[in-house]
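Okay, so here's the structure we're looking at.
The values are calculated or read from the model by the stated rules, or taken from the named source; none is laboratory data. Not measured: the values here are computed from a predicted model. Every residue, glycine as well, gets a Cβ built from its backbone with ideal geometry; the counts of neighbours run over all protein chains shown.
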Amino acid sequence: MPRAKQSMDGNTAAAHVAYAYTDVAAIYPITPSSPMADSVDQWAAAGQENIFGNQVVVSEMQSEAGAAGTVHGSLAAGAITTTFTASQGLLLMIPNMYKIAAEQLPCVFDVSARTVATQSLNIFGDHSDVYACRQTGFAMLAETNPQEVMDLSPVAHLAAIEGKVPFINFFDGFRTSHEIQKIEKWDYADLKEMCNMDAVKAFREHALNPEHPAMRGSHENGDVFFQHREACNSVYEALPAVVKKYMGKINEKLGTNYDLFNYYGAEDADRVIIAMGSICDVAEEVIDYLTAKGEKVGLVKVRLYRPWSPEAILKVIPKTAKKIAVLDRTKEPGALGDPLYLDVAATLREAGLNDIILTGGRYGLGSKDTPPSSVFAVYKELEKDDPKPRFTIGIVDDVTNLSLPEVKPAPITSALGTKECKFWGLGGDGTVGANKNSTKIIGDHTDKYIQAYFQYDSKKTGGVTISHLRFGDNPIKSPYYINQADFVACHNPAYVTQGMKMAQDVKPGGVFMINCQWSDEELGHHLNAEAKKYIADNNIQLYTINAIDKAIEIGMGKRTNTILQSAFFKLADVMPIDDAIKFMKEAAKKSYSKKGDAVVEMNYKAIDCGVDAIHKVEVPESWKNPEADAFRAVRGRDGRREADFTLGDQTLHTCTVSGLANAEKLMEDIKAGRVSYDFVEVMACPGGCVGGGGQPIHDSVEMAASRGDVLWNIDKNTKVRFSHENKDVQALYKEYLRQPLGHKAHMLLHTDHFGWKMPSGH
């Protein structure tokens, strides 16, 4: 069945389906689920009709608990009701969720699964919120990517209505909720056709009505409560069949093979991963790579997490499986294992499959990136006779040593021909918005597949933003950061002076564009040695663009994003530049026409300007062997110098002093607690010893030879040339140290600093 294609994120896909099946939306905003509620509110205000021929009634409450109470009351009144939430917002709804489920009121909670705040607040994604709800009686349906959110969300709504069980319909917060892809969307006529209107009618007739009074939610004691609690068993036992039924309807329409659990990989796999959420797409890429090399690996994708169906998962696990790794995106402190692992363990045990080696891994907490290197690490661990029973991936655990070593450099597993682009911006500077616009232009006006993901810290405005864009002629899975891009743009010149590793993100022969006001000579001064050498050694095509001054000239002030967007289209070669300019101008007219023709024309000028303003930098040959600058901050002869250096995840606070007088002052400051450092270097001679850290560093062979000649001439003209011939050294040994290599000499001249710490309190 052909469907219209549109560029959208997972939130929009979920909202599109939810609007179709909803009478009332009770909402309260919380990141990253808020865009779903926003979309539903906008469509309702615009008069859009759902499958029942009505506009959705949107009710924004003053808290998540209020939204949950509204959902409960609205359902009791016979209105099909939906809400959208995440993290602590979902947890605040739990008291009502128990009641909704027990009263068999069908509804759907669309959840952009997000980290629950623990030792700190984290607004990004994992499954800790939905796992916290697994006892409420809500069914749980998981999706992997925006297309699956569109395809499978109807299952949650339709199965809830017919099965009389409420659903949590969830997908990975930010990774799936905010990732933009070009997907096929449902027509409302098809959604209506699949809906059991008799079940809808029965639900509405079940509503509380003063004309037909009924009692719900009575008080029960121990004599009957237990029995009544068990009475729901048959409903949950029957629900998997209902879910499977509606997955079948969708498969008939779309030609897909969605099931309660889906298997992907070698039919005779001996190493299998079981997981749910966006990591499944990463695993599929890795499986394609490994199976092409003859390895027997596979993946079981969990769709229906609750109610758990042992029969359904056992049906898809290969009979050849010898080792299974279950991956959970949460941490349950103090538990024997995390939730999905325990479900799988119980299933295998009850089925008598005790010969299968079962391990459990944790990944992706707080949106920690899970690239192919992590999945390769899992399969590599499963090769061992005795793999770790519990492990983590994507981090280095130096406390409990559970982490698996990443397979690096990992093979490239993304779809052949995929063009990858990466943009470094400042939160609020328009970079993210411009890239969303670019992605939709390419997605909606070409046959190319697209993917756009936006990485930023919790500050958003004022913080670092990194846009990850992929374009290609083949479907794009790859839900992980781009580390080797065809095109990299730095929109904030401060990132260059701060030494951020951006050039290293560019593939050999790729394009690196820097927005700055610098001449080529000034650029050479600001780029660090590591970046220069990488650019020169890898034939990086280096461009600058002065969008800062151009924006001021045009009258756009600090808004450089439009200029930089058209420069991207010029350099990245994703689509014909003339077409790109045309569609950018159409988008500008649509966005700014209400502000007047002058504003539209200003944006037109910015678009044209970006194409012509780029400047090709001829990379000097000297950059292949640049002057080292790694320790520029602490080199020299001027007393005490401080600098911070980043090693992995740690920042080291260092100090270098020249001359004994300065060293004495440093020791006094340390003792007094006025300063504290991780590393201190003391050079008795101002500037350091010959060839030491305080000397200029020259990498060229010519300079090294010249320096050697000077030192040799000094040495050969000195009367006393060897330390053991020096009369002062001889006297020192005779009168004090006694003999060379003796015990006293060893103790005084070889200091052991192991275990030394800064003075107490610092």
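Observations on the model:
- Test: residue in segment 206-216 that is farther than 22 Å from Lys301 by Cα and either of a type in the set (Asp, Glu) or at pLDDT 95 or above (or both): yes
- When Phe203, Phe170 are checked against the criterion of being hydrophobic (A, V, I, L, M, F, W, C) and touching a strand residue (DSSP E or B) at 6+ places or on another chain (Cβ under 9 Å), Phe170 stands alone in meeting it.
- Residue in segment 412-432 that is acidic (Asp, Glu), surrounded by 19 or more Cβ atoms within 10 Å (Cβ to Cβ), in a loop (DSSP other than H, G, I, E, B) and more than 20 Å from the chain's Cα centre (by Cα) present: yes
- Residue count for segment 277-301, restricted to those that are within 25 Å of Gly173 (Cβ to Cβ) and in contact with a helix residue (DSSP H, G or I) (Cβ under 7 Å, 6 or more places away or on another chain): 7
- Comparison of Thr656, Thr646, Thr544, Thr560 shows that the only residue that is surrounded by fewer than 19 Cβ atoms within 10 Å (Cβ to Cβ), closer than 30 Å to Gln504 by Cβ and among the β-branched types (Val, Ile, Thr) is Thr646.
- Condition met for Pro333 (within 25 Å of the chain's Cα centre (by Cα) and outside any strand (DSSP E or B)): yes
- Single condition Gly78 does not satisfy, out of (1) without any contact (Cβ under 8 Å) to a residue 24 or more places away in the chain; (2) touching a Lys or Arg at 6+ places or on another chain (Cβ under 6 Å): (1)
- Helices (runs of 4 or more DSSP H) fully within segment 14-132 that include at least 3 residues being surrounded by 24 or more Cβ atoms within 10 Å (Cβ to Cβ) and among the polar types (S, T, N, Q): none found.
- Boolean, Ser34 is modelled with pLDDT under 95 and under 28 Å from the mean Cα position of the chain (by Cα): no
- Filter result for Val302 (at pLDDT 95 or above, closer than 21 Å to Met140 by Cβ, among the hydrophobic types (A, V, I, L, M, F, W, C) and crowded, with 23+ Cβ neighbours inside 10 Å): yes
- Residues that are out of contact with any helix residue (DSSP H, G or I) (no Cβ under 8 Å at 6 or more places or on another chain) and closer than 10 Å to Gln504 by Cα, drawn from segment 517-541: Asn538
- The condition of being outside the structural domain of Asn169 (by TED's automatic domain parsing), within 30 Å of Asn196 (Cβ to Cβ), surrounded by fewer than 21 Cβ atoms within 10 Å (Cβ to Cβ) and not polar (S, T, N, Q) holds for only one of Ala335, Ala312, that being Ala312.
- Within segment 366-378, the residues that satisfy the criterion of being part of a helix (DSSP H, G or I) and surrounded by fewer than 21 Cβ atoms within 10 Å (Cβ to Cβ) are Gly366, Ser367.
- In segment 601-613, the residues that are assigned by TED's automatic domain parsing to the domain that holds Lys582 reach residues that are surrounded by fewer than 17 Cβ atoms within 10 Å (Cβ to Cβ) and among the polar types (S, T, N, Q) with C-beta atoms within less than 9 angstrom, at least six apart or across chains, in these pairs: Asn603/Ser591.
- Some residue of segment 396-407 being under 30 Å from Lys182 (Cβ atoms) and part of a loop (DSSP other than H, G, I, E, B): no
- Filter pass, Thr359 being surrounded by fewer than 23 Cβ atoms within 10 Å (Cβ to Cβ) and part of a helix (DSSP H, G or I): no
- Selection status of Glu285, part of a helix (DSSP H, G or I), without any contact (Cβ under 8 Å) to a residue 24 or more places away in the chain and not assigned by TED's automatic domain parsing to the domain that holds Lys245: no
- The residues of segment 339-355 that are crowded, with 16+ Cβ neighbours inside 10 Å and either in contact with a His (Cβ under 9 Å, 6 or more places away or on another chain) or without any contact (Cβ under 8 Å) to a residue 60 or more places away in the chain (or both), listed by number, are Pro339, Leu340, Tyr341, Leu342, Asp343, Ala345, Thr347, Leu348.
- Out of Phe167, Phe203, Phe174, Phe138, one residue alone is in the same structural domain as Ile80 (by TED's automatic domain parsing), touching a residue at least 12 places away in the same chain (Cβ under 8 Å) and at positive phi. It is Phe174.
- Residues satisfying the stated conditions in segment 338-373, i.e. touching a helix residue (DSSP H, G or I) at 6+ places or on another chain (Cβ under 7 Å) and either assigned by TED's automatic domain parsing to the domain that holds Ser128 or more than 18 Å from Gly394 (Cα to Cα) (or both): Pro339, Thr347, Glu350, Ala351, Ile356, Leu358
- Enumeration of residues in segment 563-583 that are assigned to a helix (DSSP H, G or I) and either among the acidic types (Asp, Glu) or modelled with pLDDT under 90 (or both): Asp578, Asp579
- Residue list for segment 200-223, filter: loosely packed, with under 11 Cβ neighbours inside 10 Å and of a type in the set (A, V, I, L, M, F, W, C): Ala214, Met215
- Test result for Gln451, in a strand (DSSP E or B) and closer than 29 Å to Phe645 by Cβ: no
- Verdict on Tyr289 being of a type in the set (Phe, Trp, Tyr) and closer than 30 Å to Pro411 by Cα: yes
- For segment 735-754, the count of residues that are at pLDDT 70 or above and β-branched (Val, Ile, Thr) is zero.
- Test: residue in segment 486-502 that is in a strand (DSSP E or B), small (Gly, Ala, Ser) and closer than 24 Å to Phe124 by Cα: no
- Selection status of Lys201, under 23 Å from His157 (Cα atoms), basic (Lys, Arg) and touching an Asp or Glu at 6+ places or on another chain (Cβ under 9 Å): no
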